[in-house]
Every structure is written in structure tokens, then in C-alpha cells.
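S.K.: Just dropping this structure here.
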Amino acid sequence: MLKKRIIPVQLLLASGRLVKTLRFDSWRDVGDPVASSRVYNAQLADELVFLNIDRERRTIDVLLPLLERVSEVCFMPLALGGGIRSARDAEVLIRHGADKVIVNSEVYRTPEIVSEIARTFGNQAVIVSIDARWDEASLSYVVSSNCGRTTEPISLRKHVARAVELGAGEIFINSIDRDGTMTGYDGALIREVVAAAGTVPVIACGGAGTYEHMRDAFVETGVNALACGSLFNFGDNNPIRAKAFLSNHGLSFKVV
Amino acid sequence: MTDTLIGVIDMDMGNLRSVLNAVHSLGFDHKVVRAEADIDGLSHLILPGVGNYRTAMQHLEAQKLIEPIRAFARTKRPVLGICLGMQLLSFTGDEGGTGAGVSLIEGHVERFDPMRVPTIPHVGWNEVRLTRKHPVLTKVKSGVDFYFVHSYHFRVDDPKDALGLVEYGGGEHSDYVAIVARDNVLGFQFHPEKSQNNGLKLLENFCDWDGAC
């Protein structure tokens, strides 16, 4: 049986420091990415996600030096994104040790980037990340690019369906509303994405503050993987403890 | 037996670095293989993963490596395919248009049937059931998890070539080949270099193996 996954998310600035955001804003320094990755490796995290969220440096240059050092000490899947603008960027990251690349803003501008990466490296190598927030005016979720700053004129459901059609191997859904709040995942948002993604696996991010939040999201939405930042950054929590708790609720994780 | 020197084929695509890092961290000498001349003096050969079957075969063809890989295998030195690398050991594959593989283990590589599995690709940690003993499986237990990412699977002609199975999708006929093995040729559908302790143990066992069963 395929296991549920828990994925620590590490947000990077061009300075090479890790930060944690609150609703995509108010950056707080949370340390050195190589040191923290080594710890997550020891704590048997299932994968690691690195996102360059530096608003000035939207290029993969921020990710490359880090990737080189992390892939020497972490023998688990590494997914990176933030600033990928072409299939060529994706190729450079994969050659430097990335297992998967995460594309977001470019998918709105040049949707073919997804199929291009999928054609060369396989569907599994491309994750389409989507930043969404609830919009009271339209009573629906809206999606946005450029680190949440530009609202895109396409519905969440259509954007997910298009990503799947283009060959996305996984969908990574971020809740802007819940980011850094530690108040629980946005179950309704995740359910909508899981339904639209069909057979494509979904990773949900944004809102984890307790292991109960993770249990609720896994049990109530059928999501394949949960990503979290604050939960592991602030407080005495780690993937081993999370799994020990979740295993008591009928959820299966890898046996090591 | 000559000194251990692990060759890792660079197909000009895919994640060569992770495999090299893992082999390096285990303390083995290694070398990147880009042409036939690089194969001289190797004790072990690894074909790494990530990519498209047809594109990978085209690369191997352009590098004139297909026949040298087969010749290396005939010398009974250990050969390992990882993920796509394992699939390339087959005789034929469908991805990117049906065509021939490196042809070391009889079988065909085909896409998962979307009616039989919950998601494609099969991505994440899944248990591997070992079907028999093998020197490379020393100190690795049946039923532990390894990291998979693939949309295609290797259907072996001879079930004896399936050294490990992975269940995906439930119900009847939901076992897929996770490890292929025949004589000195071995393949992992999962990524040992991404599967933490158990994966590294398998890689270490492979690098210590003399190719005999």
C-alpha cells in the first residue's frame, strides 16, 4: 500500500537563509537550510521541498548552491522551485540533484512549460504549485502568481485540470489564508483540488499547527501528502512524532 | 577480482548526481560513463533513472553505449538499473513510442492502467515484498518501504526474474515488479539513493557484490 507522506517545506531568501512566512508575508528567520535538512533527514521526513520566495531574485540561482550541498547529506527526494521560468531551468535543477521541480507563476504565462518538462523527465518530475485564497466577493477560491501578488483570471478547478492535462505529476496546493497561521489546513480547498486533480497526487500546504490538524486533513480530504513549515520550525515537533501520532489514527507511513 | 570501481552512466538527462553522491557517501570509488572507453576497468555498472524511455534509448544510441553495456553484462560483472534504468533493461517499452530497450531481461515496459491504480505516477513510499534470497538483499527485510516515482512498469516475461514486488491499487493483479534480477543483472524500480537507510544498504550490497548468485 502506498504510504501517506509528510514533507517539511523550507522557504529560502537570496541570502541563503531559511524564513517562515505569515500569509505569504512577514518573514521570520528560522535558520540554515543545510543544517535543518540534515536534521529532517535524521527525522525520516519523506521528502523535502525548497522554495525560493525572494521577491527580488526570481531565478533558480538562489537554489543551486543549496541543492549541491543538501544532496550530499540527504538521501531522500528533493523538490525545488521558485523562479523556474523555462524547461531549461528545470533541467539545470534536475542535473544538480533535484528529483522534482516545482513550477507556479510560469504555468499561467507559458502553460507548455509543464508538458515540456514532463516530456523530457517524465510526469513525476514536475509539480505544479498553486497559491490560492478564498475570495469573499465571488465566494470561490482564486489563484494567484508572483508569490501571491497577482490574481490570475482562471478558476482554481480549471487551473488544476489544465495542469493535469499538461502532464503535472503532482499538484502542490498552498493556502495563502492559512500560511503560517497554524490554525489548521483548509479542508474545503484541499477537497476541491483533490477532486479536480483526479488520479494525480495532491500535496497540501498551509495551516498545520498541530498533529490533529494533519490527521483531519488526511482523513477528511483524501490528500496524498501534507507539507508543513511552521509546525516543525516553531515548537518541539518533528516528522517522527507526527507519524507516531497519525499512525494511531489508521494512517500508514513508511516502514524503515 | 580487480578493485571496485563503480561506473555510473550519464545519459545526458536525469539525476546522475544523487546516485554519485550516494555511492560516494558509501565510500566506493566511482566514475561517470559517457562513452565506451569509460567502461574499461569498471567493476560495476549503474544505469540511473529519471526520464523518458525512448529519449533515454536515443541518448544511449547516440553515445554508442548500448552494445558496450550488453558486452559488460556478458562478462558477468554486476549491472544495476535504477528506476528508468531498470526499465531500460527490458526488451521493449512503450513510453515515447514503442521500441527496443537494452534487452538484458525479457519483458515489456508499459504504462499503468488508469482503471487499476488510484494515481499515476505511482509516487511515494511503498513496501517491497522480497520473493527469494539474493546476495544484494543481505540485511534488508521484506516489507520495508522504498521511494517510488514512475508512471510505467516492467512486466517481466519470466516471473522468476521478479525479485521484489510492490502492491499498488489493491484488488487482483495489483502486484508490480519492484526489483528485477537475473544472474549478474539487477534493477530497482524505486530509488535506493532516495530511500534513506534501507536504500543505501541495497546500494552498498550491490557495490560489494561480485555478480554471482
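The values are calculated or read from the model by the stated rules, or taken from the named source; none is laboratory data. Since we're looking at a predicted model, the values are computed, not measured. Every residue, glycine among them, receives a Cβ derived from its backbone with ideal geometry; neighbour counts consider all protein chains shown. Protein only, heavy atoms only, side chains kept; ligands, DNA and RNA dropped before computing areas. Shrake-Rupley method; radii C 1.70, N 1.55, O 1.52, S 1.80 Å.
S.K.: Anything in region A:28-43 that is open to solvent by 50 Å² or more (accessible area, probe 1.4 Å) and within 24 Å of residue A:253 (Cα to Cα)? List them, or say none.
M.R.: Passing the criteria: A:38, A:39, A:42.
S.K.: Right, something else. Would you mind stating whether residue A:46 is part of a helix (DSSP H, G or I), buried (at least 19 other Cβ atoms within 10 Å of the Cβ) and charged (D, E, K, R)?
M.R.: Considered against the rule, which asks whether it is part of a helix (DSSP H, G or I), buried (at least 19 other Cβ atoms within 10 Å of the Cβ) and charged (D, E, K, R), residue A:46 comes out as no.
S.K.: Now a separate question. Among B:211, B:187, B:164, B:171, which is the only one that is away from chain A (no Cβ under 14 Å), touching a residue at least 24 places away in the same chain (Cβ under 8 Å) and part of a loop (DSSP other than H, G, I, E, B)? Spell out the reasoning first.
M.R.: Working: B:187 fails: part of a loop (DSSP other than H, G, I, E, B); B:164 fails: part of a loop (DSSP other than H, G, I, E, B); B:171 fails: away from chain A (no Cβ under 14 Å).
Just one listed residue meets the conditions, B:211.
S.K.: Also, I was wondering about something else. Take residues that are over 17 Å from residue A:5 (Cα atoms) and in contact with a Lys or Arg (Cβ under 6 Å, 6 or more places away or on another chain) and tell me which of the helices (runs of 4 or more DSSP H) falling wholly in region A:159-237 contain 1 or more.
M.R.: Qualifying helices (runs of 4 or more DSSP H): A:187-197, A:230-233.
S.K.: Considering only residues of region A:54-65 that are aliphatic (A, V, I, L, M) and open to solvent by less than 30 Å² (accessible area, probe 1.4 Å), which is farthest from the other protein chains (Cβ to nearest Cβ)?
M.R.: Taking the candidates together, the pick is A:62.
S.K.: In region B:69-89, what count of residues is obtained for those that are among the β-branched types (Val, Ile, Thr), under 16 Å from residue B:16 (Cβ atoms) and not in a helix (DSSP H, G or I)?
M.R.: Residues flagged as among the β-branched types (Val, Ile, Thr), under 16 Å from residue B:16 (Cβ atoms) and not in a helix (DSSP H, G or I) within region B:69-89 amount to 1.
S.K.: Ok, one more. If I filter region B:193-202 for residues that are touching an Asp or Glu at 6+ places or on another chain (Cβ under 7 Å), charged (D, E, K, R), open to solvent by less than 50 Å² (accessible area, probe 1.4 Å) and within 14 Å of chain A (Cβ to nearest Cβ), do I get at least one hit?
M.R.: Yes, that holds for at least one residue.
S.K.: Just need a number here: residues in region B:1-59 that are at positive phi and not hydrophobic (A, V, I, L, M, F, W, C).
M.R.: Qualifying residue count for the region: 5.
This table checks each residue for (1) out of contact with any strand residue (DSSP E or B) (no Cβ under 7 Å at 6 or more places or on another chain); (2) of a type in the set (Gly, Ala, Ser); (3) open to solvent by less than 20 Å² (accessible area, probe 1.4 Å).
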| position | (1), (2), (3) |
| --- | --- |
| A:67 | no, no, yes |
| A:80 | no, no, yes |
| A:86 | yes, yes, no |
| A:93 | no, no, yes |
| A:98 | no, yes, yes |
| A:107 | no, no, yes |
| A:110 | yes, no, no |
| A:115 | yes, yes, no |
| A:120 | yes, no, no |
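S.K.: Any residue in region B:122-134 that is open to solvent by less than 30 Å² (accessible area, probe 1.4 Å), without any contact (Cβ under 8 Å) to a residue 60 or more places away in the chain and closer than 22 Å to residue B:92 by Cβ?
M.R.: Looking through region B:122-134, at least one residue is open to solvent by less than 30 Å² (accessible area, probe 1.4 Å), without any contact (Cβ under 8 Å) to a residue 60 or more places away in the chain and closer than 22 Å to residue B:92 by Cβ.
S.K.: Could you check region A:205-222 and list, in sequence order, the residues that are within 21 Å of residue A:77 (Cβ to Cβ) and either touching a Gly at 6+ places or on another chain (Cβ under 9 Å) or surrounded by fewer than 18 Cβ atoms within 10 Å (Cβ to Cβ) (or both)?
M.R.: Answer for region A:205-222, where residues must be within 21 Å of residue A:77 (Cβ to Cβ) and either touching a Gly at 6+ places or on another chain (Cβ under 9 Å) or surrounded by fewer than 18 Cβ atoms within 10 Å (Cβ to Cβ) (or both): A:205, A:206, A:208, A:217.
S.K.: Sticking with this structure for a sec: With (1) open to solvent by 60 Å² or more (accessible area, probe 1.4 Å); (2) touching a Gly at 6+ places or on another chain (Cβ under 6 Å) as the list, and residue A:230 as the residue in question, which single condition is left unmet?
M.R.: Failed condition: (1).
S.K.: If you don't mind, another one. Taking residue A:73 and the conditions (1) over 19 Å from the mean Cα position of the chain (by Cα); (2) more than 14 Å from chain B (Cβ to nearest Cβ), which numbered condition does it fall short on, given that it satisfies the others?
M.R.: (2)
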